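Working notes for the structure below.
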Amino acid sequence: MEVAKRNILVVDDEEPIRKVLKTHLTKAGYSVVQSSGGKGIFEVLEDTQFELLICDIKMPEVDGVDILRYTKEHLDTPVIMLTGLTDTAVAVDVMKKGAFDYVMKPVKKEDLLGTIQKALDYRDLLLRNRQLELENMEYQRSLEAKVEERTGELRLKAKELESAYGAMKSMSIQFVNVLAETIEAKDHYTRGHCNRMRYLCVELGRLAGLGAEQLELLEYASLLHDLGKVSVNELILNKQGPLTESECARVRKHPVIAEKILVDIPLMGGVASIVVAHHENFDGSGYPRGLSGIDIPVEARIIAVADLYDAMSSDRPYRDGLAREVVLEEMERVAGTQLDPGLVRLFIDNKIYSFVKN
Ligand SMILES: [Fe+2]
């Protein structure tokens with residue numbers, strides 16, 4: 001089998017040995033450069049990249065061990081040391097210092113060629129290994145860069161979604177506001193009621209410890225709580241004096257009608273179940289389902305508190321708005337029957353009402 005032409009440096013101070021080695025190795029298909037050693041050897045090693053170095057140990061000017069040390073420190077080239085029969089201790093020592101192997105003089109051609117092949121195989125393996133490590137590192141780096149790039153893209157997308165969601169939310173709250181004002185327009189005496197409700201409910205909800213999602217539902221529900229009044233005749237809503245039994249029954253349907261309108265609208269299901277319960281009483285005497293206590297959604301109990309305050313404080317077809325002290329007294333009176341007493345306490349103690357004008 002033909003051996004690939006690979007370059008080998010032979011360093012020996014004795015010319016006959018160099019010549020013999022060169023002849024053997026050239027015949028075996030190697031490209032051989034020979035050197036007698038000396039200080040110039042380091043320059044030779046620096047200038048040309050050899051795949052293998054065969055080096056005598058005992059040399060007058062620069063010792064083979066020094067050349068070995070230099071090669072180990074600066075190059076990937078494996079080193080085979082040449083040693084005389086009497087130098088076996090030194091041979092063991094150079095193995096410890098990193099020589100690939102040693103060959104006894106006089107050199108037997110077969111031994112030498114076998115050792116050279118092993119050394120070159122070892123070097124190939126070493127370089128291949130290093131190449132794989134580099135490729136692996138490169139792959140890792142490109143993977144990390146890809147992950148970073150994707151993360152950046154996702155962050156950007158998340159930001160876009162967030163701002164789109166913000167825009168959508170602000171648009172939908174504006175729509176709901178317009179809807180709420182349309183309902184108000186039917187009932188001339190409740191002007192501004194929905195907006196005040198929105199403020200009072202969100203403030204009370206915040207104090208009651210509601211989370212962001214609950215507060216959002218509450219905000220919508222506070223604006224839409226009387227949506228069902230679209231089905232009630234304006235004459236009934238604006239009637240001067242008490243309502244008849246059938247008129248009263250008509251008005252009392254508005255929570256259920258609002259629920260029917262809202263329940264099938266995407267994302268409004270939660271709002272529907274709050275709105276339907278805003279006329280439930282804490283003691284179970286309310287409508288439409290007669291729920292009591294914590295069976296009534298907390299958002300609906302909050303709306304009930306704010307609704308009573310605002311309804312009593314505002315002018316009505318049959319009376320002027322009542323003084324704040326009177327309203328608060330009435331709220332205290334119905335705390336535990338009509339209203340959730342804890343929420344009434346929170347409402348009054350924190351003077352939530354002080355920021356709205358009726
Ligand atoms: Fe209502």
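Below are the figures for this structure:
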item: Filter result (within 15 Å of the ligand (Cβ to nearest atom) and under 11 Å from Asp340 (Cβ atoms)) within the stretch 274-296; result: Glu280, Asn281, Ile296
item: Residue that is farthest from the ligand (Cβ to nearest atom) [pool: residues in the stretch 253-273 that are touching a residue at least 24 places away in the same chain (Cβ under 8 Å) and not in a helix (DSSP H, G or I)]; result: Met268
item: Yes/no for Ala304 being in the same structural domain as Ser222 (by TED's automatic domain parsing), within 13 Å of the ligand (Cβ to nearest atom) and not basic (Lys, Arg); result: yes
item: Helices (runs of 4 or more DSSP H) enclosed by the stretch 211-252 - at least 2 residues per element that are in the same structural domain as Ala277 (by TED's automatic domain parsing), over 26 Å from Tyr199 (Cα atoms) and within 15 Å of the ligand (Cβ to nearest atom); result: 245-251
item: Residues of the stretch 203-240 that turn out to be over 21 Å from Ile265 (Cβ atoms) and either in contact with an Asp or Glu (Cβ under 8 Å, 6 or more places away or on another chain) or at pLDDT below 90 (or both), as a count; result: 10
item: Residue count for the stretch 69-105, restricted to those that are surrounded by fewer than 14 Cβ atoms within 10 Å (Cβ to Cβ) and within 19 Å of Gly37 (Cα to Cα); result: 2
item: Sole exception among (1) part of a helix (DSSP H, G or I); (2) touching a residue at least 40 places away in the same chain (Cβ under 8 Å); (3) among the aromatic types (Phe, Trp, Tyr) for Tyr139, by number; result: (2)
item: Residue under evaluation Glu14, criteria (1) under 19 Å from Ala99 (Cα atoms); (2) in contact (Cβ under 8 Å) with a residue 12 or more places away in the chain, criterion not met; result: (1)
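The values are calculated or read from the model by the stated rules, or taken from the named source; none is laboratory data. Bear in mind that the values here come from a model prediction, so they are computed numbers and not experimental data. Heads up, the Cβs are rebuilt from the backbone with ideal geometry, glycines too, and the neighbour counts pull from every protein chain shown.
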